[in-house]
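Reading through the structure tokens given below for one structure.
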Amino acid sequence: MEKIGVVGAGIVGLAVARELAARGAEVTVLEKEHRVAAHQTGHNSGVVHAGIYYPPGSLKARLCREGVALLKEYCAEHGLPYEEVGKLVVASTRAERPLLRALAERARANGVPGIAELDGLGLREIEPHAVGVGAVHSPRTAIADFPAVARRLALDVVELGGSVRLAHPVMAIRESVRGVQVMAARRRFTFDRLVVCAGLGTDAVAAMAGRPGEVRIVPFRGEYYALAGAARDLVRGLIYPVPDPRYPFLGVHLTRRVDGEVLVGPNAVLALAYEGYTWRNVRNFGQITRWPGTLRMARHHWRTGVKEIYGSLAKRSFLNAARRYVPELRADDLRRTEGGVRAQAVARDGGLVDDFAVDVQGRVVLVRNAPSPAATSSLAIARHISGIVPALVR
Ligand SMILES: Cc1cc2nc3c(=O)[nH]c(=O)nc-3n(C[C@H](O)[C@H](O)[C@H](O)COP(=O)(O)OP(=O)(O)OC[C@H]3O[C@@H](n4cnc5c(N)ncnc54)[C@H](O)[C@@H]3O)c2cc1C
């Protein structure tokens, strides 16, 4: 029986571990935190993306569609929340209309079901408190509880004979012809193969494995406000702006969650620590700015960067972004809530890596880029990884 180690108990690592255990491998997940889903998986919008945005033929486009089907089935099988609340991508000016049309075409090319193009009146039938000159409606876009999915995946791994070791930070990796030795929590583990799904910790683990690679993780903090009290009733499902095609983030949106909260956010602010949940944390400043891609990216996107930093400092900027789509909102309706940090791979030339990226060398498989919609796509990413590494499949 092949012994496989997986670094990271986020939704991607756990999905990979479950897939490999189901295929007969002896799997051990090593996670540095005391709980699963402690980072990106536990700090996101909770949207099961339908596949609207991604270039047809990309891994994101394919694995998102496959992932939605697998996730829906998985949630039904395990009694986990999954609600098709629907999404509107709203154009607030006529200038945005051509982008909206292109988005609808892309969504159809990706096989997203039920896509409709609506005018200003049509969109109010879906979201009575929203305004805009037009919208793309995706009625099957859903919301889910990704941390709950991750916890269930961890149980599956154990039921399939594997183990999930929390409080086991991976500190060193040595690869030889006989296997991969991994040091974690003062213990030595020996595996036939190692799959790294370490999110914000990817570069550190890649360096331990002697594979720094040609991209680096740059952390982008995403801050949120939550709607208080009756203001929640102003939003039925998901209301998104037309995204800026030059940028991989979707813009501040309004998102209903499975627990009834409605979030406003996230923005995207360059963080100076991998786990930079607050402004004050600048722990990895040196590492992040030493990568030439970071400064090149900052030069290229400085206008957006300045806007996002202002947004981060000013509640009013969040309010204005939200009021563009739901004008009835007032400052008192917004209260600050917990944010997340995205692990976004950036190339040496400053380009933001758009697609999912998996690197296979020797006995080590490294997930280099798994930003949104990786939570949506996690079960499909797991199948993809099992498929591209034939030795992992019995
Ligand atoms: C603000 C925000 C909003 C988002 N919204 C959505 C959305 O609506 N829909 C969607 O599909 N996606 C969304 N995403 C993206 C999604 O959350 C991520 O793509 C997904 O969670 C990635 O999962 P992961 O397992 O790769 O990473 P993570 O969940 O970050 O897990 C990585 C794990 O590796 C562990 N680790 C790191 N280093 C080590 C080490 N040395 N030893 C042991 N363990 C280690 C970490 O502790 C962590 O638990 C969003 C992300 C953010 C931040």
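A few comments on the model shown:
- Charges were assigned to the Cβ only: +1 to each Lys and Arg, -1 to each Asp and Glu. The resulting dipole of the chain about its Cα centre is roughly 1060 debye.
- For the stretch 346-353, Karplus couplings with θ = phi - 60° (6.51, -1.76, 1.60), whole Hz, Gly/Pro x: 10, 7, 4, 7, x, x, 7, 5
- Angle in degrees between helix 11-22 and the longest Cα principal axis of the chain, rounded to the nearest 10: 50 degrees
- Longest DSSP-loop-exposure-free segment, GluC sites (Glu not before Pro), the chain, at most 14 other Cβ within 10 Å: 1-213
- Placing +1 on the Cβ of every Lys and Arg and -1 on the Cβ of every Asp and Glu, with nothing else charged, gives the stretch 173-227 a dipole about its Cα centre of roughly 340 debye.
- Accessible area per residue in Å² at 1.4 Å probe, computed on the chain: 43 Å²
- Inter-label distance, nm, simple model (7 Å from Cα along the C-beta direction), Arg246/Ile388: 3.0 nm
- FRET E, pair Thr93, Ser176, Förster distance 45 Å, beta-carbon r, rounded to 0.05: 0.15
- In this structure, the pairs whose alpha-carbon distance is over 29 Å, taken from Lys87/Lys315; Lys32/Lys60; Lys72/Lys315, are Lys72/Lys315.
- Here the stretch 1-123 is treated as a sphere whose radius is the Kirkwood value from Cα pairs; by Stokes-Einstein at 10 °C and 1.306 mPa s it diffuses with a coefficient of 92 µm²/s.
- Here the chain has 52 percent of its accessible surface on carbon and sulfur atoms, given a 1.4 Å probe and all protein chains in place.
- Rounded to the nearest 20, the size of the Cβ-charge dipole of the stretch 67-196 about its Cα centre is 800 debye, with Lys and Arg at +1 and Asp and Glu at -1.
- Ratio of the Cα radius of gyration of the chain to 2.2 N^0.38 Å, where N counts its residues: 0.97
- Between Asp119 and Val282, the modelled label-to-label distance comes to 5.4 nm, taking each label 7 Å out from Cα in the direction of the beta carbon.
- The Cα-based radius of gyration and maximum Cα-Cα distance (Dmax) for the stretch 96-243 are 23.0, 66 Å.
- Relative contact order of the chain, defined on C-alpha pairs under 8 angstrom at six or more residues apart (%): 24 percent
- Helix 59-78 and the longest principal axis of the C-alpha atoms of the chain enclose an angle of approximately 90°.
- Positive-pole candidate from Leu121, Gly10, Ala61, dipole of the chain, charges at beta carbon: Gly10
- For Val164, the residues 5 or more places off, or on other chains, whose built amide H falls under 5 Å of its own are Val29.
- Förster-model FRET efficiency, 22 Å R0, Asp359 and Leu166, C-beta, rounded to 0.05: 0.25
- Acute angle (nearest 10 degrees) that the helix 374-388 long axis makes with the longest principal axis of the chain, alpha-carbon atoms: 40 degrees
- Distant alpha-carbon pairs in the stretch 176-263 (separation over 22 angstrom), percent: 56 percent
- For the stretch 1-41, the extents of the C-alpha atoms along the principal axes are 31, 15, 11 Å, listed from largest to smallest.
- A simple spin-label model places pseudo-atoms 7 Å from Cα toward Cβ; at Arg299 and Glu338 they are separated by 3.9 nm.
The values are calculated or read from the model by the stated rules, or taken from the named source; none is laboratory data. Since the structure is predicted, the reported quantities are computational estimates derived from the model, not experimental observations. No Cβ is skipped: glycine too gets one built from the backbone with ideal geometry, and neighbour counts run over all protein chains shown. Surface areas here come from the heavy atoms of the whole protein model, side chains and all, with no ligands, DNA or RNA. Shrake-Rupley method; radii C 1.70, N 1.55, O 1.52, S 1.80 Å.
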